[in-house]
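**Q** This is the structure I have questions about; it appears just below.
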Amino acid sequence: MKMQLKPEDKKKVREIISAMKEGKEFLLTAHRNIDGDAIGSELAFYSMLKKMGKKAVIVNQDRTPAIYRFLPFAGKVKVSGMGVTPDKPDVSIVIDCGSPERTGKVFSLIKKSRVVINIDHHFSNSGFASINWINHRFSATGEMAYFILSYGGRMLTKKEAECLYTAILTDTGGFIHNISPYTMGIAQNLVAAGAEPEQIARNVYFEKPLRSVKLLSLCLNTLQFDRQNKFCWMKVDRDMYRQTGTKEEDTEGFVDLLAKIKEANIVFFLKEFGKGVKASLRSKGNFDVERIAAQFGGGGHKRAAGCYFENISIEQAEKKVLSAIRKNR
Ligand SMILES: [Mn+2]
C-alpha cells in the first residue's frame, strides 16, 4: 500500500534524510521511562544507520523494560552512565520527546552534538532542535520513523518492521486509540515486510511472570476510589517488591488494568522507584492528565502521561497527585 505524506511532512523527511547522510557518528535517544514507541523507533533508526555505514549508539536514561527485550538490536542499547558512550556525537536524534530535558541524564550528551534532530508526535513539543519534525497527528513516533526508513522506496528489513510494528502497537494501546488515517496502512506494510503480529503481541501483552501477578494481588489491596470525582488509584511500595521478589519493572500493565474500571474517568498508579516515586496517569474523557504530569516535570499525552518525584515518600507523592487532580476537576 502506497502511503502519502503531506508536503510539509515530506519536506521534513527529506531534511532528516540528508542530515543522516551527512552525519558520521550518531547518538540515538528518547524519553526517560522508555516505552515501546520510543525503543522501537530507536532500534529501527539504529538498523537504518548501520546499513548506511554510520556509527550509531543508542543511549537511554533508563533500562529497557523486560517486555521489549525480545526486539532485534535491543542488546545494543546502553543505559547512561554505564558502558562506553560517544564523547561528542556528530548528530543526535531525539525520539518521542517533548523536551530535551525529558531524556534525563542523556541531555548532557545531546548538547555536545553539532546537529540535533527532533522527531516527535507529542502535542506540546518545544521545537528545541536544529531539525524539528513534530506532528501530533501521527499516532506514534514509529509511524514517522516508518516514513524515514521507507524513504525513496527503501525496503524495510524484517527486523526493522518488527521494531516499528511494536512501536505503533504499543502507543495506540493495541491499535485502539489515536488511530490516524495512516496507522493501519503502515501496519499492513510492516506485516508485509515480515513483522509477525501474534508473536509481537504475545511478547508485549500476554506473558507475565508469576511474581508479577503476586505483586498485583498485593497492589490491588491498595485500590481506592474517589466517588465524587470519579477517579481510582493504587500503589506499590518497596515492601511489596520484597515480599514477592519483584522489581519496579514487574508493574508493567498495572495502570492499564486500572483504566478498565468502568466507574472511573481518571486513574493513576504510583510505585516506589529508585529514590523516589513514579506516577502513571490515564484519562478516559476530556480531562487532560498531561497537564497534571507537567506540573511535576513529567509529560506525555492528554490521556496518558507520567512523572517522577525525586526523594519523596509514596504518601507525599499520593497527596500531591490527589490534590492536583481535585483542583483541576
Ligand atoms: Mn510516542
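The values are calculated or read from the model by the stated rules, or taken from the named source; none is laboratory data. Values in this document were obtained by computation on a predicted structure and should not be read as measured data. So basically every Cβ, Gly included, is an ideal-geometry build from the backbone, and we count neighbours across all protein chains shown. We work out accessible area using only protein heavy atoms, side chains counted, and drop any ligands, DNA or RNA first. Shrake-Rupley method; radii C 1.70, N 1.55, O 1.52, S 1.80 Å.
**Q** Accessible area of PHE138, 1.4 Å probe, to the nearest 10 Å²?
**A** 10 Å²
**Q** Roughly how far apart, in whole Å, are the Cα centres of segment 97-129 and segment 141-188?
**A** What the calculation gives is 21 Å, centre to centre.
**Q** Report the charge-dipole magnitude of segment 137-194 in Debye, nearest 20, computed about the Cα centre from +1 at each Lys and Arg Cβ and -1 at each Asp and Glu Cβ.
**A** With only Lys, Arg, Asp and Glu charged at Cβ, the dipole is about 120 debye.
**Q** Now a separate question. Going by a ≥ b ≥ c, the root eigenvalues of the Cα gyration tensor, does segment 170-329 fall in the rounded group (a/c under 1.5), the prolate group (a/b larger than b/c) or the oblate group?
**A** Verdict is oblate for segment 170-329.
**Q** Over the heavy atoms of LYS10, what accessible area does a 1.4 Å probe trace out, to the nearest 10 Å²?
**A** Surface accessible to solvent at LYS10 totals approximately 90 Å².
**Q** Through the Karplus equation 6.51 cos²θ - 1.76 cosθ + 1.60, θ set to phi - 60°, convert the phi angles of segment 276-286 into ³J(HN,Hα) values in whole Hz; use x for Gly and Pro.
**A** x, 9, 9, 10, 10, 10, 9, 10, 9, x, 8
**Q** Where in segment 132-171 does the amide nitrogen come within less than 14 Å of the point 7 Å from the Cα of ASP9, taken along Cα to Cβ?
**A** 133-151
**Q** Whenever you get a sec, line up ASP256, ASP171 from highest to lowest accessible area (probe 1.4 Å, protein heavy atoms).
**A** The residues order as ASP256, ASP171, largest area first.
**Q** Still on this structure, please answer the following. Per residue, how much accessible area does the chain have with a 1.4 Å probe, in Å²?
**A** Value for the chain: 47 Å² per residue.
**Q** Of all GluC sites (Glu not before Pro) in segment 150-249, which ones are in loop regions per DSSP and have a Cβ with at most 14 other Cβ atoms within 10 Å?
**A** Sites meeting the loop and neighbour criteria: GLU207.
**Q** Hey, another quick one. Along the charge dipole of segment 75-210, pointing to its positive end and built from +1/-1 on Cβ of Lys, Arg, Asp and Glu, which listed residue (PHE206, LEU164, LEU190) has its Cα farthest out?
**A** LEU164
**Q** Can you tell which of MET48, MET240, MET155 shows the greatest fluctuation in a Gaussian network model of the chain with Cα springs below 10 Å?
**A** The residue that fluctuates most here is MET155.
**Q** Which of the GluC sites (Glu not before Pro) across segment 1-107 are loop residues per DSSP, with 14 or fewer other Cβ within 10 Å?
**A** Answer by residue number: there is no such site.
**Q** To continue, here is another question. Contact order normalised by length for the chain, with contacts defined as Cα pairs under 8 Å and 6 or more residues apart; what percent is it?
**A** 12 percent
**Q** Next question. Which whole-number percentage describes the relative contact order of segment 210-328, with Cα contacts under 8 Å and a sequence gap of 6 or more?
**A** 19 percent
**Q** Suppose each label sits 7 Å from its Cα in the direction of the beta carbon; what would the ARG326-ALA66 distance come out to in nanometres?
**A** Going from the ARG326 label point to the ALA66 one covers 3.6 nm.
**Q** Of the residues GLY297, GLY23, GLY153, which exhibits the maximal mean-square fluctuation in a Gaussian network model of the chain defined by a 10 Å Cα contact cut-off?
**A** Residue with maximal mean-square fluctuation among GLY297, GLY23, GLY153: GLY153.
**Q** Can you compute the charge dipole magnitude of the chain about its Cα centre, using +1 on each Lys and Arg Cβ and -1 on each Asp and Glu Cβ, nothing else charged? Give it in debye, rounded to the nearest 20.
**A** 320 debye
**Q** Quickly estimate the mean residue ellipticity at 222 nm for the chain, helices only: each DSSP H run with n ≥ 4 gives -39500 (n - 2.57), and the total goes over all residues, rounded to 500.
**A** It comes out at -11000 deg cm²/dmol, rounded to the nearest 500.
**Q** Report the antiparallel proportion of the DSSP beta bridges in the chain as a percent, rounded to a multiple of 5.
**A** Of those bridges, close to 40 percent are antiparallel.
**Q** Further question on the same structure: May I ask which residue of GLY127, ILE34, ASN60 lies farthest towards the positive end of the charge dipole of segment 7-205, with charges of +1 (Lys, Arg) and -1 (Asp, Glu) on Cβ and the Cα centre as origin?
**A** Most positive-ward Cα: ASN60.
**Q** Work out the FRET efficiency for SER18 and ARG202 from their Cβ-Cβ distance, taking R0 = 51 Å, and round it to the nearest 0.05.
**A** Efficiency at R0 = 51 Å is approximately 0.85.
**Q** Once you order the gyration tensor axes a ≥ b ≥ c over the Cα atoms, which shape class does the chain get: rounded for a/c under 1.5, otherwise prolate or oblate by comparing a/b with b/c?
**A** Taking the square roots of the gyration eigenvalues as a ≥ b ≥ c, the chain is prolate.
**Q** At 7 Å along the Cα-to-beta-carbon direction for both ILE179 and LYS112, put a label point, then send me their distance in nm to one decimal.
**A** 4.5 nm
**Q** Next up: Where does each of TYR151, TYR146 land when they are ordered by accessible area, with a 1.4 Å probe and the largest first?
**A** Output order, biggest surface exposure first: TYR151, TYR146.
**Q** Could I ask something else about it? Given a Förster distance of 25 Å, report the FRET efficiency between LYS2 and ILE131 from their Cβ-Cβ distance, rounded to the nearest 0.05.
**A** Result of the calculation: an efficiency of 0.45.
**Q** For the chain, give the percent of accessible area contributed by carbon and sulfur heavy atoms, probe 1.4 Å, rounded to a whole number.
**A** 52 percent
**Q** Next up: Enumerate the amide H contacts of PHE273 below 5 Å, restricted to partners 5 or more residues apart or on another chain; note that Pro and chain-start residues carry no placed amide H.
**A** LYS278
**Q** Which of the trypsin sites (Lys or Arg not before Pro) across segment 37-116 are loop residues per DSSP, with 10 or fewer other Cβ within 10 Å?
**A** LYS111
**Q** Under the classification rounded if a/c is under 1.5, otherwise prolate if a/b is larger than b/c and oblate if not, where does segment 284-327 fall, given a ≥ b ≥ c as square roots of the Cα gyration tensor eigenvalues?
**A** oblate
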